[in-house]
Structure formats: structure tokens, C-alpha cells
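The structure under discussion appears below in the form of C-alpha cells.
The values are calculated or read from the model by the stated rules, or taken from the named source; none is laboratory data. From a predicted model like this one, the values you see are computed outputs, not experimental measurements. We place every Cβ from the backbone using ideal geometry, glycine too, and count neighbours over all the protein chains shown. Side chains included, ligands, DNA and RNA excluded: accessible areas come from the protein's heavy atoms. Shrake-Rupley method; radii C 1.70, N 1.55, O 1.52, S 1.80 Å.
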Amino acid sequence: MEKLGFIGVGMMGKPMAKNLLKAGYQLTVLDLNSAAVDELVRHGAVRAESAAEVAGRCDTVITMLPGSAEVEHVVCGEGGLLSALNADHLIVDMSTIDPLVSNRLAREVASGGGQMIDAPVSGGEVGAMNGTLTIMIGGPKATLDRCRDVLAVMGGNLIHAGDEVGMGGKVKLVNNMITGISMIATSEAFLTGLKAGLSMETMVNVVSVSSGATWPLLNHFPNTVLKNQYEPGFMLDLMYKDMGLALGLANDVGVPVPVGGLVRQVYQSGRAAGLGRKDFSVMWEEMAKAAGLHQSTGIDDGAS
Ligand code: NAD
């Protein structure tokens, strides 16, 4: 089987890498978190100490990093992928980053003789574990075809978003703008219901099978709000980053996004309260406090 490099084995990257190992690919992995690398080494992966070392061992390198700055560093920084690039290399960036950065990096990689596409994902940790992610690919179809089998191990839906690198990121930002807004909308509506005397159970039972059903309600609330714990999941810091990228895109193309702008500020208030590394649904707690409610219990604390 083909040798693959995998850089960034966090919440999403680790289960994605495990699925590639299970499918028989030989994986070389790199992450700043050596415990995450250790775990994959126990599953048969090989450890690398730099991105250049990954590129030296593998033609196809997948990156799954927090944001634009980390991807840029891994590609262009000292000891980065570019420093070891040749014409056989294909970089598949699956992180959610600024589409303009994706496009620029792809051009730099092309000038070094290699190829790069963007292929961000949706589906969360569960989708990563089950290999059922939606993968949105920006780049020439022929380049996608080169790594289609590899992507199919990680994703159930492979969608070619356009020939230009960055188109995957654009559609991912459209998706996450909706998710970010709907999380706040769901919390606001449920807190209203709680204070009006409804039980969480009634609201979950009704809304889950009605027109108000949202991804956060169906996929985050059961593990977070309803259990009163907020381990990610999808970190609030990452949602704040994605809302910022989505607003930047809207600004570039001249679309007013008043709701998105407001919602990003709501997430900013959660970060200011020190909750950035919690699941983004932790905003429920902050909004419950503002409503004078104790989290998911619905017990009025008398503050209102
Ligand atoms: P994470 O923070 O859990 O993982 C990122 C990993 O990258 C960490 O292990 C970190 O140590 C590593 N890293 C950072 N800088 C590095 C560097 N310079 N060199 C090597 N390793 C480095 O984040 P995540 O939740 O796995 O998200 C990764 C990407 O996927 C983000 O762009 C995020 O927006 C996107 N995403 C996340 C989810 C989700 O539900 N968590 C869903 C879809 C998309």
C-alpha cells in the first residue's frame, strides 16, 4: 500500500489516521503533541520529527491542523514540506483555513513542482471515527482522482467543490456559518422554553423531529448540554476562527451578514470567559447564566 504522511493528529486527525492504518496504508505521522503520535505508533505508524522528514518518506501528505497559520508553517516554514518537495508530491490539506491562503499555498507548492488541494471536512469526531466525513475538495479533478481512494477511507461523501484550490474551504465556511449560528439559535430558543416551564426532555423530543432540528441539537447537545460536560467535540476557539473566516469571505464578496457578525461576538464572549478550549456548545452555559438559569437543570437561581 502507498505510504502516506499525516500531520496534525488531534481530535479529528487521530481517528482519521487510525482509519488509514486500518485500511492498510503505511503512515508517517507528525504532531507537536507527542502523546498523540505515541498512540498512533502503537497502531503501526512511524514517527517523524519534521514536516520535511514526512515529505522525504511519503509522496502524499495529509494535513489536519487548527488553522491557516499552522498550515502555512508546516508547508513553508523552516523544515517544512516545501523544503523537501519534488514533482511526485501531493499535499492534501483537510484543515479549515482561509481559502485565499489555501490558494496561495497551492501556487507556491506548484512552483516547487508539486500539487496541493484543499479538502476540509464536516461530520465531527464521530464522522472521523466512523470514516463517514463529508469531504469538500477544491482543486483540479485529476488531482482529486489521484487521492480519491485515500479520501474514501475517511469520508462517505466526497464532493468536488470546484477546480480552484480554496473552493473546498469556501463551501466549508458556508456550512460552518450555519452551524455556528444555529448553535446560538438553538440555545436561545431552548432557554426560552425552559424559563417558560417546558422540560428539556419535551423540547428535545419535539424539536429533534420537527422543523427546528439543528446539527448542534442532534450531535452536540446529547454529549454536552444534556450531560452537563463540555469536553470537545469542536472547540469554541475553532468555531470562532471559522465564523471569522466566513465573515471575511462575506466581506470580500460584499454580502451583509448581520446575524453572523453578532453570533461571532457571542462566541467571543465565551472565549473571554476562558472557555475557548471547550466544545462550542459551552455557550449554552453562558447564555443560561444570562437568562438566570442554572445550565441544563432549568432551576431558576433567583437572579432574574
Ligand atoms: P485539534 O486542535 O484537536 O488538532 C490539531 C492538531 O494539530 C493538534 O494535535 C496539534 O498539536 C497539532 N498541531 C498544531 N500545530 C502543529 C504544527 N505546527 N505541527 C504539527 N502539529 C501541529 O483540532 P481538531 O478539532 O482536530 O481540528 C483540526 C481541523 O479540523 C481544524 O481546522 C478544525 O477547524 C477542523 N474541523 C474540526 C472538526 C471537529 O469537530 N473537531 C470538524 C470539522 C473540521
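Worth a mention:
- Bins of 10 Å from zero: percent of alpha-carbon pairs in the range 3-164: 12, 46, 37, 5
- Dimensionless Rg ratio for the chain, taking C-alpha atoms and the 2.2 N^0.38 Å reference: 1.06
- Legend: translational diffusion of the range 96-192 by Stokes-Einstein, Rh = Kirkwood radius over C-alpha pairs, 4 °C, 1.567 mPa s; D = 91 µm²/s.
- Our coupling estimate for the range 220-237, obtained by passing each phi through the Karplus curve with A = 6.51, B = -1.76, C = 1.60 and θ = phi - 60°, is 10, 3, x, 9, 10, 4, 6, 9, 6, 9, 10, 5, x, x, 10, 5, 3, 4 Hz, Gly and Pro reported as x.
- Relative contact order %, the range 3-164, counting alpha carbon pairs below 8 Å whose residues are six or more apart: 19 percent
- Residue pairs, from the table K3/K278; K172/K195; K22/K241; K141/K172, whose Cα atoms sit over 27 Å apart: K3/K278; K172/K195; K22/K241
- Available extension along the chain between E188 and M1 is 62.3 nm, counting 0.36 nm per residue and deducting the alpha carbon span.
- Magnitude of the charge dipole, the chain, Cβ model with Lys/Arg +1 and Asp/Glu -1, debye to 20: 340 debye
- As a calculated quantity, the FRET efficiency between D88 and Q265 at R0 = 51 Å, using C-beta atoms, amounts to about 0.65.
- Length added when fully stretched, N33-D149, from 0.36 nm per residue minus Cα-Cα: 39.0 nm
- Approximate spin-label separation N157-K22, in nm, with each point projected 7 Å along Cα-to-Cβ: 2.1 nm
- Across the chain, Cα pairs under 8 Å and at least six residues apart give a relative contact order of 12 percent.
- Two-site label geometry, A110 and A69: point separation in nm, points 7 Å out along Cα→Cβ: 2.8 nm
- Largest first, the residues S34, S122, S102 sort by 1.4 Å accessible area into S34, S122, S102.
- Less than 5 angstrom separates the built amide H of V61 from those of G5, L90, I91, V92, all sequence-distant by 5 or more or on a different chain.
- Aspartates and glutamates with Cα under 13 Å of K289, excluding same-chain neighbours fewer than 8 positions away: E188, D300, D301
- Rg and Dmax, both from the Cα atoms of the range 166-304 and both in Å, are 15.2, 50.
- Extending 7 Å from the Cα toward the beta-carbon at both E231 and E201 defines two label points whose distance is 2.7 nm.
- Length added when fully stretched, S210-T132, from 0.36 nm per residue minus Cα-Cα: 25.6 nm
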